[in-house]
Structure formats: structure tokens, C-alpha cells
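The values are calculated or read from the model by the stated rules, or taken from the named source; none is laboratory data. For clarity, every value in this text was computed on a predicted model and none was experimentally measured. Methodologically, a virtual Cβ is constructed for each residue, glycine included, from the backbone with ideal geometry; neighbour enumeration extends over all protein chains shown. We work out accessible area using only protein heavy atoms, side chains counted, and drop any ligands, DNA or RNA first. Shrake-Rupley method; radii C 1.70, N 1.55, O 1.52, S 1.80 Å.
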Amino acid sequence: MWCQRLARLLQGCHGSSGHRWPWLPQAPRPILAVPARCHPTAPASPHCAWQLHQDHLELRYGSTVMRLDFVWLRDHCRSASCYNAKTNQRSLDTASVDLAIQPRAVRVDESTLFLTWPDGHVTRYGLEWLAKNSYEGQKQQVMHPRILWNAEIYQQAQVPSIDCRRFLETDEGLKEFLQNFLLYGIAFVENVTPTKEDTEILAKRISIIRETIYGRMWYFTSDFSRGDTAYTKLALDRHTDTTYFQEPCGIQVFHCLKHEGTGGRTLLVDGFHAAEQVRLQAPEHFELLARVPLKHEYVENVGDCHNHMIGVGPVLNVYPWNNELYLIRYNNYDRAVINTVPHAVVRRWYHAHRALTAELRRPQNELWVKLKPGKALFVDNWRVLHGREAFTGYRQLCGCYLTRDDVLNTARLLGLQA
């Protein structure tokens, strides 16, 4: 029987002992007919030991302790018959894997895990790959490295703007721009010809332009041509855009083409910095804002524009495996009637929302920028809130929304973590 053969293999394993890891909880009954054993690998490797259980392999590599389900191990096999390395796509039919599968034999050397399955197929995994791609490894990593900032932090960093020609014509300029954008959620390009056409060329350098109910490229004046406060001369409080979309637009581009008057400075606030302060000071508020779904709504009946958009989601959106914040949906103008929150929760939600709003409105968190012709601003609409002060005179902006996936794709192709 394969269990007997595996038992003999384990009994002959170099350095085997009958002791469990002292820092592990009591494990389920192992699949072997012999006592559970720890199995260290060759001494030259980072500290590594493994133990078989009824439905999974427990593997310690360095400081990472992984519990690897046998079905998961079979499903992720990277052999030529299971995975197409040319297309980077799985060939194995996951539904064909026996959900009760167990390996016939297991071996670990200084860098690789080998599993032999009941049909004789052999799966090999690099230990580094497993440590990075296991659930436990992912919990220790961030998807998107960032620098959280308030006004002082950003100004002291002296983040440079990128010259338009260098941005458009060199990979180095584009990479520097994208690195700034990924770290801070905002980035500037200087010496742009102040036309809508040139702004469009700029935007298309990093992404497909996302067409919305506002069109593709838009002009932005105070003519109240759309049913939105933004099309006035009034001040706008900090907010993220298109919260009423089921997937809010990822990146927004602003370029001031003309302003004959006073005021109109742009306000920028790092929403992730504010949310992190809430997490540190009142984690129960952060958790509630990340759990409770709300509706945001846009109703428009102006001229030929008739729209009724509804988006649903919590104010804070986090990856569930590491609690990393990836999207803030904050717009007090467009938040709809709160009818998705029961009475027992709604008052606590208001307390949590008030705590976040207080952080977002702290003067030290406000970065004020005067947009001028020739200076284009890219804003991560999933992270950085924007607003403006009231203004006088004629002020014209142009801009667009970009598809987030394409911006991140461009960054990854340049070797950035995004």
C-alpha cells in the first residue's frame, strides 16, 4: 500500500524526530499510519520543516508557516501538462481534481517541494514561490506600496513634476511619473500645451480613456450645463468622483486651460492617510466603515442629459486577506438615502463617518494647489479626495477619466509593483 511505502520513506528521512513544532496548535490526525513527524530539509536551506495531515501539508519555510491544501497543491501544478508557460494560463481542469486527493509521496530538498500523486504525476514547487503565493505569504505582503501623506509630508518630499516631452517620449520619464503616482496618488506633468487635444494625447500615454455619461474628453466651466454642483463657481468640499458608479472611475485628469479671475485653488487630501488615522485611533469605526454598504446616486434632468445612476459599496474597501485599504468611496453630495443600515447600526455608522470626516477636514491634511495652463494633474480617484475653493471670472478646465486597470498594467510592464 502507498501508505506503507510513504511510512518507510518518512522513517528514513534525514533528521526526523517524533516531536511536533511547539509553536503549532494541535493538528488534525495525519494521513499516515505512523506518528506525526517533523521533517527538516537540508541544512543549507532556510529553516524548513513539514508535516502531513489528513487534507493538507503544513510547511514552515523561514518565518512563514503555510497550510497547503492537497487540492490546492494539485490545482496549481506548473508542469507542462497542467500549465501553459507560453500563455501563463492553467491547462488543468480544476473540476477534474479529486476533492479527496492525497499525495502518494512527498519530498523536500533545500529549495523545492516534490509531490507524487496517486496517478504517478509529479508536481514541483519552489519553496520561495510557495512562501510568496500561499495565503499566509500574501497576508504578510501589501498589494500596493504607498506613502501616506498630509500637506507637510508631501511638500517636504519635494516630489518632482515630469516634463511633458520626457513623459511622452521616454520610458524613464513615464516610469518616474508612474512611481510618483503609485506612491502618492497624485502626479503632475508640466509644459503641456493648454488644449483639450494635447491633454488627450497625454492621457492616452498611460491608459485607455474611459467614456462615461460625461463623454470622453470634457470641458468644464461654470455654465451649469450639467446637473452637478461642479459646474458652478461655488466651493466644492473634498470628495471622490463617480461614487454612484458600481465601479468608480480609477484616475481623473485635470488640466486648467484658462482662468481669468480669482480663487479656484484645487484641494487634495490623501483619503488613505485619514483612514489610517481612524484605524489607529478607533479600529471599530474603521471596521464599520469597511463593512456597511451604502448607496450613492446621481439624478440628472438638464437639457438633453437624463441620467439616474446608483452605485453600492462601503465607504472603505479593503482586501479581506490582509485588510489593506484599496478604495475610498466618499462623497457627501451624492450619498443617497441610507436605507441599507439597520437601526441597531445606523447611529454607530454616523459616529464612524464623523470620525473619518474630522480627519479628512484637518487643515494639516489639506494640500492646496493652483492649477495653471500647462500643468496637468493626475488624481487616483480611489484614494485621493479633491475639491476646490470658490472662484470668480471665467475658468475652463478639461480632463477625462482613465481606466485603472490600464494604468496599473502600464506600471507593471515598466517593472513597478502595482
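Would you mind classifying segment 235-312 by shape? Square roots of the alpha carbon gyration tensor eigenvalues, ordered a ≥ b ≥ c; an a/c under 1.5 is rounded, otherwise it is prolate if a/b is larger than b/c and oblate if not.
It is oblate, given that a/c is not under 1.5 and a/b is not larger than b/c.
What per residue convex hull volume, in Å³, do the alpha-carbon atoms of the chain yield?
It is 196 Å³ per residue.
List, in the order given, every pair from Lys258/Lys295; Lys175/Lys258; Lys196/Lys375; Lys233/Lys372; Lys86/Lys132; Lys233/Lys295 whose Cα-Cα distance in the structure shown is over 24 Å.
The pairs that break the limit, which is 24 Å between Cα atoms, are Lys258/Lys295; Lys175/Lys258; Lys233/Lys295.
Tell me the angle of helix 271-281 to the major Cα principal axis of the chain, expressed in degrees between 0 and 90 and rounded to the nearest ten.
Once rounded, one gets 60 degrees.
Would you mind classifying segment 136-286 by shape? Square roots of the alpha carbon gyration tensor eigenvalues, ordered a ≥ b ≥ c; an a/c under 1.5 is rounded, otherwise it is prolate if a/b is larger than b/c and oblate if not.
Working: a/c = 1.63, a/b = 1.23, b/c = 1.33.
Oblate is the answer for segment 136-286, as a/c is 1.5 or above yet b/c matches or exceeds a/b.
Quote the FRET efficiency, to the nearest 0.05, computed for Arg90 versus Lys370 with a Förster distance R0 of 41 Å and r equal to the Cβ-Cβ distance. Please list the in-between numbers first.
Numbers: r = 51 Å, r/R0 = 1.26.
Efficiency computed from Cβ-Cβ geometry: 0.20.
Please report, as a whole percent, how much of the solvent-accessible surface of segment 49-137 comes from carbon and sulfur atoms (probe radius 1.4 Å).
With neighbouring chains kept in place, the figure for segment 49-137 is 47 percent.
What share of Cα pairs, in percent, lie more than 22 angstrom apart in segment 49-137?
Value for segment 49-137 (Cα pairs over 22 Å): 22 percent.
Can you compute the FRET efficiency between Glu211 and Leu99 using 1/(1 + (r/R0)^6), with r the Cβ-Cβ distance and R0 = 56 Å? Round to the nearest 0.05.
E(calc), rounded to 0.05, equals 0.80.
Quantify, in whole percent, the carbon and sulfur part of the accessible surface of segment 356-418 (1.4 Å probe; protein heavy atoms only).
In segment 356-418, the share of accessible area belonging to carbon and sulfur is 51 percent.
Treat each spin label as a single point 7 Å out from the Cα along the C-beta direction, and report the Glu172 to Asn323 distance in nm.
4.3
Return one number: the angle in degrees, 0 to 90 and rounded to the nearest 10, between the long axis of the Cα atoms of helix 171-184 and the longest principal axis of the Cα atoms of the chain.
90
Label points 7 Å out from Cα along the Cβ direction at Leu414 and Ala282: separation in nm?
Once both label points are built, they end up 3.9 nm from each other.
Per residue, how much space in cubic angstrom lies within the convex hull of the C-alpha atoms of segment 280-418?
Here the figure is 191 Å³ per residue.
Using a probe radius of 1.4 Å on heavy atoms only, what accessible surface per residue do you get for segment 104-166? Whole Å² is fine.
Heavy-atom SASA per residue in segment 104-166 reads 56 Å².
Put a dot 7 Å past each Cα toward the Cβ at Val346 and Thr193; how far apart are the dots in nm?
Output for this residue pair reads 5.6 nm.
What angle, in degrees between 0 and 90 and rounded to the nearest 10, separates the Cα long axis of helix 343-360 from the longest principal axis of the Cα atoms of the chain?
Result, in degrees: 70.
Can you pull out the GluC sites (Glu not before Pro) in segment 162-260 that DSSP calls coil and that have at most 15 other Cβ atoms within 10 Å? Spell out each step's value before the answer.
On the way: sites: Glu169, Glu172, Glu176, Glu190, Glu197, Glu200, Glu211, Glu260; in loops: Glu211.
Here the sparse-neighbourhood loop sites are Glu211.
Counting other Cβ atoms within 10 Å, which trypsin sites (Lys or Arg not before Pro) in segment 301-365 have at most 10 and lie in a DSSP loop?
none
Helix-derived [θ] at 222 nm for the chain: sum -39500 (n - 2.57) over DSSP H runs of at least 4, divide by residue count, nearest 500?
-7500 deg cm²/dmol
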